Amino acid sequence: MLIDTWHFSFTVSNIEQSVNFYRDVLGMELMHEQEQANAYTRKFVGYPDAHLKVAQLKIEGKDSGRSGHLLELVEYVAPRGQKVDTRTPNPGTAHLAFEVDDIQAEYQRMVELGVRFKSEPVAIEAGINKGGYTVYFLDPDDITLEIIQPPSRS
């Protein structure tokens, strides 16, 4: 039986570049970094030569549950992976959405930092979040992320 979430993880090509993006552009807090090149990790990930660099981040000022982090970034030093097509209609891809309180200001700030967006913020016109705004953007490995400003619930 599931009782809670632990964390969400992305495999990245360059851990330092990704940490810089998630920390310096998105404002996440880096909680922990480590390298894993041991028997436990090799067995767990299913690669006998596995060597990973791992970074764990959370939203600053927010409780991230028992794990202490929301997002785990993993770079496979060995075996090196291949770039995959992360476009959103492809099965197996994922995205992570972050809530913001002022999507226009956040969008503008991120544009000025060079973040690649799929559009300008879009008004949500139907469904449970009708009245809010949302927009997709890409991290350095073309992983889709989202910022959403939910509608006010009064």
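The values are calculated or read from the model by the stated rules, or taken from the named source; none is laboratory data. The shown structure was predicted, so the numbers you read here are calculated from the model rather than taken from an experiment. Positions of Cβ are generated from backbone atoms using ideal geometry, with glycine treated the same way; all protein chains shown enter the neighbour counts. Just the protein is used for accessible areas: all its heavy atoms, side chains included, with ligands, DNA and RNA removed. Shrake-Rupley method; radii C 1.70, N 1.55, O 1.52, S 1.80 Å.
Values for this structure:
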quantity: Amide H contacts under 5 Å for Tyr136, placed H, 5+ residues apart; calculated: Lys118, Ser119
quantity: Two-decimal log10 I(q)/I(0) for the stretch 14-76, as the Debye equation yields it once each C-alpha is a single scatterer, q = 0.18, 0.25, 0.29 Å⁻¹; calculated: -0.67, -0.99, -1.13
quantity: Proximal aspartates and glutamates relative to Lys118, as straight alpha-carbon distance under 12 Å, when same-chain residues fewer than 8 apart are discounted; calculated: Asp139, Asp142, Glu146
quantity: Euclidean distance between Cα centres, the stretch 90-134 to the stretch 53-78, Å; calculated: 22 Å
quantity: Net charge contributed by nearby residues that have their C-beta within less than 15 Å of Glu16 (K/R +1, D/E -1); calculated: -4
quantity: Whole-number percent relative contact order across the chain, with pairs defined as alpha carbons under 8 Å at least 6 apart; calculated: 21 percent
quantity: Residue-averaged [θ]222 nm for the chain, counting only DSSP H segments that reach four residues, each worth -39500 (n - 2.57); calculated: -4000 deg cm²/dmol
quantity: Whole-percent carbon and sulfur share, accessible surface of the stretch 21-146, 1.4 Å; calculated: 50 percent
quantity: Aspartates and glutamates with Cα under 20 Å of Lys43, excluding same-chain neighbours fewer than 8 positions away; calculated: Glu35, Glu72, Glu75
quantity: Cα-based helix-to-principal-axis angle, 103-112 vs the chain, degrees rounded to 10; calculated: 60 degrees
quantity: Global geometry of the stretch 89-154, whether rounded, prolate or oblate, following the gyration tensor of its Cα atoms and the 1.5 cut on a/c; calculated: oblate
quantity: Hz values of 3J(HN,Hα) by residue in the stretch 74-83 - Karplus curve (6.51, -1.76, 1.60), Gly and Pro given as x; calculated: 10, 10, 7, 5, 8, x, 6, x, 10, 4
quantity: Positive-pole candidate from Gly46, Pro150, Thr93, dipole of the chain, charges at beta carbon; calculated: Gly46
quantity: Neighbour net charge for Leu96 - beta-carbon separation under 10 angstrom, K R +1, D E -1; calculated: -2
quantity: Formal net charge of residues neighbouring Glu35 (Cβ-Cβ distance under 11 Å; K, R +1; D, E -1); calculated: -1
quantity: Charged-residue dipole, Cβ positions (Lys, Arg, Asp, Glu), the chain about Cα centre, Debye nearest 20; calculated: 440 debye
quantity: Per residue, in Å², the accessible surface of the chain once ligands and nucleic acids are set aside, probe 1.4 Å; calculated: 64 Å²
quantity: For peptides 12-25, 73-86, sequence by mean Cβ density within 10 Å, most packed first; calculated: 12-25, 73-86
quantity: Rounded, prolate or oblate (a/c below 1.5 giving rounded, otherwise prolate when a/b exceeds b/c) for the stretch 73-123 by Cα gyration tensor; calculated: prolate
